[in-house]
Amino acid sequence: MANLKRIFSDLAVFRRQYLRNRIGLFFALIFPVIIIVLFGAIFSGGSSTVTVYYQNHDSGSLSTAYLSALNSTGALDLIPVNPSVNFSQYLLANSLSEGILIPTNFSESLESHIPVNVTVYTNPADTSSEGVLAVVSGVTNYFNLRAVGASPIVGVINQNVKSSSYKYIDFLVPGLIGFSILTSPMFSMVNIAAEYKKTKIFRQLSLTPLTKGEWLTSKIIWYIILTVASFVLMVLVGTELFAAQVQLSLWIVPFLLVGPLFFVALGMLVGTVTKSQESAGVIGNIITFPMMFLSGTFFPVSSMPGYLQNVAHVLPLYYIIDGLNSVMVYNNPGKALTDFVIVAVIAAIVFALAVRLFKWRDS
Amino acid sequence: MPGIDVSELRKYYGSLKAVDGISFSVRSGEIFSMLGPNGAGKTTTIEILEGLRRQDSGSVAVLDLDPWKQGYELHRKIGVIPQGFSFFDKSTPREAIKYYGDLFDVKIDPDEILREVILEDAANTRFENLSGGQKQKTGLALALVNNPELLFLDEPTTGLDPQARRAVWEVIRNLKKAGRTVLLTTHYLEEAEQLADRVAIMNKGHIIATGSPLEIITTYSPSERLKVTAERALYDYVKQHTDLNAEYDDATKSLVIQLRSKSDAISAFETIAKSNLEWSDLSTERDSLEDIFIKLVGVRLDEGEPVPNEAVQAPAS
Ligand SMILES: Nc1ncnc2c1ncn2[C@@H]1O[C@H](COP(=O)(O)OP(=O)(O)OP(=O)(O)O)[C@@H](O)[C@H]1O
Ligand SMILES: [Mg+2]
C-alpha cells in the first residue's frame with residue numbers, strides 16, 4: 001500500500017537534489033522562456049511590410065500613380081534609388097532581395113496602349129519575394145483594366161476564421177509548454193534511471209520500506225509541479241510580452257497531468273532497458289529530439305510539409321500539443337478529448353511497462 | 001537467539017562459481033568477519049543474506065527469515081552498508097538521516113546518530129563533498145536509523161586512511177557494546193583481528209577456515225617453534241641425538257625446531273645445552289593469522305598479489 005509520508009519525504013529529497021543541481025531547472029523553466037522571447041520577437045515583432053527598393057526611369061505622371069497604388073496596398077515599404085546607377089548592381093552590392101524597375105517610357109506606352117514591362121527583381125531564397133511579386137502583379141492588373149476602361153467584376157472579401165486572426169505566438173505558448181513537458185522529465189529520468197542503477201542507489205533504496213511505485217510517484221508529482229510552473233511562465237510571458245491570445249480552461253489540466261506521467265515513465269523505461277548510462281543517453285536522445293522539433297513545439301505542425309506532418313502524427317508529444325492547441329488556441333475542447341484519450345492510452349502502456357521492467361534489485 | 005544460518009549456499013554466474021557450497025552461522029551479538037581476497041565471493045554472499053540476490057541453491061536464514069522471499073520484513077530489522085556506498089550527491093548526512101527516518105517511520109534524533117558515528121562535523125556538508133571516510137560513516141549512520149539488530153558492513157573501511165579506519169573501528173566496537181550483531185567483510189587482516197569474535201576465511205567461493213582468530217591459529221599452526229641462531233653443526237648434532245622435527249635455514253643461520261609437545265621443548269633445551277656448541281638469540285614463535293592466511297590462500301590479503309613460492313609451504317608437521 002502506498003504511503004503518503006514516504007512519497008512526500010522522497011519528493012522532498014528529490015526536489016532538493018533537483019534544485020541544487022540548477023541545470024535541470026534551467027532547461028525546465030528558463031530555457032523555454034528564452035525561446036519564447038527569442039522566437040516571439042523574431043516572428044511576431046513589428047509590421048509585416050516588406051521593404052522594397054525601386055528605380056523610376058519614367059518622367060510621366062502615370063508612373064507616380066502606379067507607385068502610389070503600390071504604396072497604398074500597405075504591404076510594401078518603397079524606397080527610391082537614384083536612376084543614374086545600375087539597378088541590378090545596386091541591389092547586389094547592397095544585398096537586397098527585392099527591387100522594382102520602372103522603364104523610361106512607362107507613362108507614354110500606357111497612354112498609347114503599347115505593351116511595356118515593369119521588372120521585379122526577386123530572390124527565390126527569400127520568402128517575402130513571392131509576396132512582393134503578388135502585390136506588384138495585382139496592382140499591374142488593376143492598371144491594365146483601367147487602361148482599357150474596364151472595371152473588376154469578381155472581387156475578394158477577406159474574412160478570418162476566428163474573429164481575430166491567430167498569430168504565431170498563440171501557437172508558440174502551448175508548443176513550448178509541450179516542450180517542457182517532454183524535455184524536463186525525459187532528459188533527467190533517462191539519466192537518473194541509468195545512474196542510480198550504476199551507483200547502486202536503487203539497491204540502497206530497496207533496503208528501505210520505500211517501494212518502486214512510491215519512488216516513481218514522487219518523480220511524477222515533481223515533474224507535474226515543474227510543468228505547472230512552466231505553464232504559468234509561458235502564459236504570462238506570451239500574453240504580457242507578445243499579446244498572445246490563449247484560452248485558459250480546466251480542459252488544460254488533464255494534459256498537464258498525463259504529459260509528465262508519460263515522459264517520466266518513458267524516461268524510466270529507456271534508462272531501465274539499456275545496459276549503460278551512455279547507451280541510455282543515446283537512445284533517450286533518439287527518442288527525444290524528433291519529438292522536440294516535429295511535434296509542434298516551435299512551429300505549428302500544419303505549417304510543415306506533408307511528409308513531416310505524417311511523421312508528427314506518430315509522435316506522442318504531437319497529441320499533447322495538438323490537445324493544448326485545441327483548448328488554448330481554437331477553444332475547442334471536444335477535439336482535445338480525442339488527443340487526450342490517445343495520450344492517456346500510450347501513457348498507461350508505457351507506465352505499466354516501466355513499472356514492470358524497472359527492478360530495485362537483480363536476481 | 002537467531003542470527004544467521006547458512007547451509008550449502010551456492011551462486012554461479014554462468015560457469016563462474018562465485019559461491020560454491022558454503023556453510024556458516026553467525027551468533028547473535030557477535031562480530032563475524034569474512035576475510036578473503038578480491039573475487040572470493042564475500043559480496044555475493046552478503047547480498048544473498050540481505051535479500052538483494054537470489055541463491056541458486058542452499059538454505060539461508062537471517063533472523064529466522066528467508067531474505068529473498070521476506071525481504072521487505074527483513075529490511076526493517078537490518079542495517080546495510082553496501083560495498084562502495086553512495087548516496088544522492090546533493091544531500092547532506094543530516095538530510096539523509098531524516099529521510100531514512102521518514103521512510104522507516106521511526107522517531108529519531110539525527111544529532112544522536114551523527115554523534116554515534118562521529119560525523120557531527122560534516123552533518124551539513126553535501127554528500128559529493130564528503131571525504132571517503134565521512135561517506136562511509138554516512139552509510140553507517142543510515143544503517144543505524146531503523147535501530148537494527150543486525151548489521152551488514154561490506155568493506156566499511158576500504159580506501160580509508162589509517163586514522164579514519166580506526167574511527168570506524170571504534171564505531172563498530174560500540175555497535176557490539178550496544179548488543180548488535182555485525183557481519184563484516186574486509187581485506188584487512190588487522191581489521192578482522194581487532195574487531196571480530198569469529199572469522200571465516202574465504203577463497204574462490206569456498207570457506208577454508210572458520211573460528212576465532214586464536215582457534216584458527218591453533219588449528220593451522222598447532223605448535224610453537226624454537227628458533228636458535230647457530231652453525232649447521234648444531235643442527236647435525238640435534239638430528240643425530242634426537243628425533244626432534246628440526247630444520248636449518250642457511251640464509252638466516254638459524255635452527256628451527258617444532259615443539260609438538262612439552263617433552264619436545266625439554267629435550268630440545270637439553271640437547272642444545274649438551275652439545276657444547278655456540279648458539280645465541282633463542283626464541284619461540286608461532287604463525288600469525290596473516291601467515292596462515294598466506295599459507296591457505298596463497299596470496300597476501302591486502303595486496304591481492306601472489307606471494308613468492310617459498311612462503312606458501314604447508315604447515316610443518
Ligand atoms: N553480477 C555478476 N555477474 C557475473 N559475475 C559476477 C557478478 N557479481 C560478481 N561476480 C563475480 O563473482 C565473483 C565473486 O564476486 P564478489 O563480488 O562476491 O567478490 P568479493 O569477495 O566481494 O570481492 P571484493 O573483495 O573484490 O569485493 C567475482 O569473480 C566476480 O567477478
Ligand atoms: Mg566485495
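The modelled label-to-label distance between B:GLU285 and B:ASN147, using points 7 Å beyond Cα along the C-beta direction, is 5.1 nm. Partner aspartates and glutamates whose Cα lies under 18 Å from the Cα of B:LYS227, excluding those fewer than 8 positions away in the same chain, are identified as B:ASP236, B:ASP243, B:GLU247, B:ASP249, B:ASP250, B:ASP264, B:GLU270, B:GLU278, B:ASP281, B:GLU285, B:ASP287, B:ASP291. Accessible surface computed residue by residue for the protein assembly as shown, with neighbouring protein chains in place and a 1.4 Å probe, gives 48 Å² per residue.
Distances between placed amide hydrogens fall under 5 Å for B:ASN245 paired with B:GLN258, all partners being 5 or more residues away or on another chain. For segment B:237-242, backbone phi angles converted through the Karplus equation (6.51, -1.76, 1.60; θ = phi - 60°) give residue-by-residue couplings of 4, 4, 4, 5, 9, 9 Hz, Gly and Pro being listed as x. Beta bridges per DSSP, both residues in chain B: antiparallel share near 65 percent. Database remark: amide H of B:GLY211 closer than 5 angstrom to the amide H of B:VAL199 (H placed geometrically; neighbours at sequence offset of 5 or more, or on other chains; Pro and chain starts carry no H).
Report the antiparallel proportion of the DSSP beta bridges in segment A:1-146 as a percent, rounded to a multiple of 5.
Bridges in segment A:1-146 are about 25 percent antiparallel.
The equivalent ellipsoid that matches the C-alpha gyration tensor of chain B spans semi-axes of 47, 22, 17 angstrom, in descending order. A straight chain from A:ALA69 to A:HIS57 at 0.36 nm per residue would run longer than the Cα-Cα distance by 2.6 nm. When the inverse distances between all different Cα atoms of segment A:90-141 are averaged and flipped, the Kirkwood radius reads 12.3 angstrom. Estimated from the Cβ-Cβ distance and a Förster radius of 51 angstrom, the FRET efficiency linking A:ARG20 and B:GLU215 is about 0.50. Using a Gaussian network model of chain B in which every pair of alpha carbons under 10 angstrom is joined by a spring, one finds that among B:VAL106, B:VAL168, B:VAL145 the greatest mean-square fluctuation is at B:VAL106. Report, by chain and number, residues whose modeled amide H sits under 5 Å from the one on B:ASN203, excluding near sequence neighbours (fewer than 5 apart, same chain). The answer is B:ILE208. For the residues of B:77-89, the average number of beta carbons from a partner chain within 10 Å of their own beta carbon is 4. As an equivalent ellipsoid, segment A:210-363 spans semi-axes of 29, 19, 15 angstrom, where each value is the square root of five times an eigenvalue of the C-alpha gyration tensor, largest first. For chain A, the longest principal axis of the C-alpha atoms and the axis of helix A:212-242 are separated by about 20°.
If you take each beta carbon of peptide B:95-105 and count the beta carbons of other chains within 10 angstrom, what is the mean? Display every interim value, and only then the final one.
Working: counts 4, 1, 0, 3, 8, 7, 1, 11, 12, 4, 5.
Partner Cβ neighbours, averaged per residue: 5.
On full extension, the segment bounded by A:SER249 and A:SER279 gains 6.7 nm, given 0.36 nm per residue less the C-alpha separation. With R₀ set to 51 Å, the beta-carbon distance separating A:VAL37 from B:GLU116 gives a calculated FRET efficiency near 0.45. Of the two radii for segment A:50-147, the radius of gyration is 0.95 times the Kirkwood radius, both from the alpha carbons; that is the Rg over Rh value.
The protection proxy used here, the mean number of other Cβ atoms lying within 10 Å of each residue, ranks peptides A:124-133, B:79-88 as follows, highest first: B:79-88, A:124-133.
Phi angles of segment B:207-214 translate, via the Karplus equation with coefficients 6.51, -1.76, 1.60 and θ = phi - 60°, into HN-Hα couplings of 8, 9, 7, 9, x, 5, x, 5 Hz per residue; Gly and Pro are given as x. Checking the cross-link pairs A:LYS198/B:LYS177; A:LYS359/B:LYS204; A:LYS212/B:LYS107; A:LYS5/B:LYS11 against a 32 Å limit on the alpha carbon distance flags A:LYS198/B:LYS177; A:LYS5/B:LYS11 as lying beyond it.
Extents of segment A:303-363, taken as max minus min of Cα coordinates on every principal axis and listed largest first, are 51, 27, 14 Å. Between B:SER25 and A:VAL85, the modelled label-to-label distance comes to 10.3 nm, taking each label 7 Å out from Cα in the direction of the beta carbon. With a 10 Å cut-off around each Cβ of A:11-20, the average count of Cβ atoms from other chains is 4. Report note on the peptides A:191-204, B:182-195: ranked by the mean count of other C-beta atoms within 10 Å, highest first, their order is B:182-195, A:191-204. Size of segment B:223-285: Rg and Dmax of its alpha carbons, in Å, are 10.3, 29. The Cβ shell under 12 Å around B:ASP264 holds other residues with a net charge of 0, Lys and Arg each +1, Asp and Glu each -1. When peptides A:339-346, B:93-100, A:293-300 are ranked by their average number of other Cβ atoms within 10 Å per residue, the highest-first order is B:93-100, A:293-300, A:339-346. With Cα atoms as the point set, the radius of gyration and Dmax of the protein assembly as shown evaluate to 41.5, 153 Å.
When the Gaussian network model of chain A links Cα atoms closer than 10 Å, the mean-square fluctuations of A:VAL329, A:VAL52, A:VAL37 top out at A:VAL52. Anyone know which of B:ASN147, B:ASN203, B:ASN276 comes out most mobile in the 10 Å Cα GNM of chain B? Looking only at B:ASN147, B:ASN203, B:ASN276, the biggest GNM fluctuation is shown by B:ASN276. Counted over all Cα-Cα pairs of chain A, pairs farther apart than 38 Å make up 40 percent. For the protein assembly as shown, DSSP calls about 60 percent of its internal beta bridges antiparallel. Sorting A:HIS113, B:HIS75 by solvent-accessible area of protein heavy atoms yields A:HIS113, B:HIS75, largest first, with a 1.4 Å probe. Shown is the FRET efficiency for B:SER57 and A:LYS359, computed with R0 = 25 Å from the Cβ-Cβ distance and rounded to the nearest 0.05: 0.70.
Residue-wise HN-Hα couplings along segment B:163-172, as the Karplus relation 6.51 cos²θ - 1.76 cosθ + 1.60 with θ = phi - 60° gives them from phi, are 5, 5, 4, 4, 5, 5, 4, 4, 4, 5 Hz; Gly and Pro carry x. Working from label points 7 Å from Cα in the Cα-to-Cβ sense, the A:ASN117 to B:LEU16 distance is 8.1 nm. Scattering from segment B:132-178 was approximated by placing one identical point on each alpha carbon and applying the Debye formula without solvent; log10 I(q)/I(0) at 0.20, 0.22, 0.24, 0.32 1/Å stands at -0.62, -0.75, -0.89, -1.38. For the chain pair B and A, buried accessible area totals roughly 2800 Å², probe 1.4 Å, rounded to the nearest 100.
The values are calculated or read from the model by the stated rules, or taken from the named source; none is laboratory data. Remember, predicted model here, so these are calculated numbers, not experimental data. With ideal geometry, Cβ positions are generated from the backbone for all residues, glycine too; neighbour counts draw on all protein chains shown. Calculation scope for accessible area: heavy atoms of the full protein, side chains included, ligands and nucleic acids excluded. Shrake-Rupley method; radii C 1.70, N 1.55, O 1.52, S 1.80 Å.
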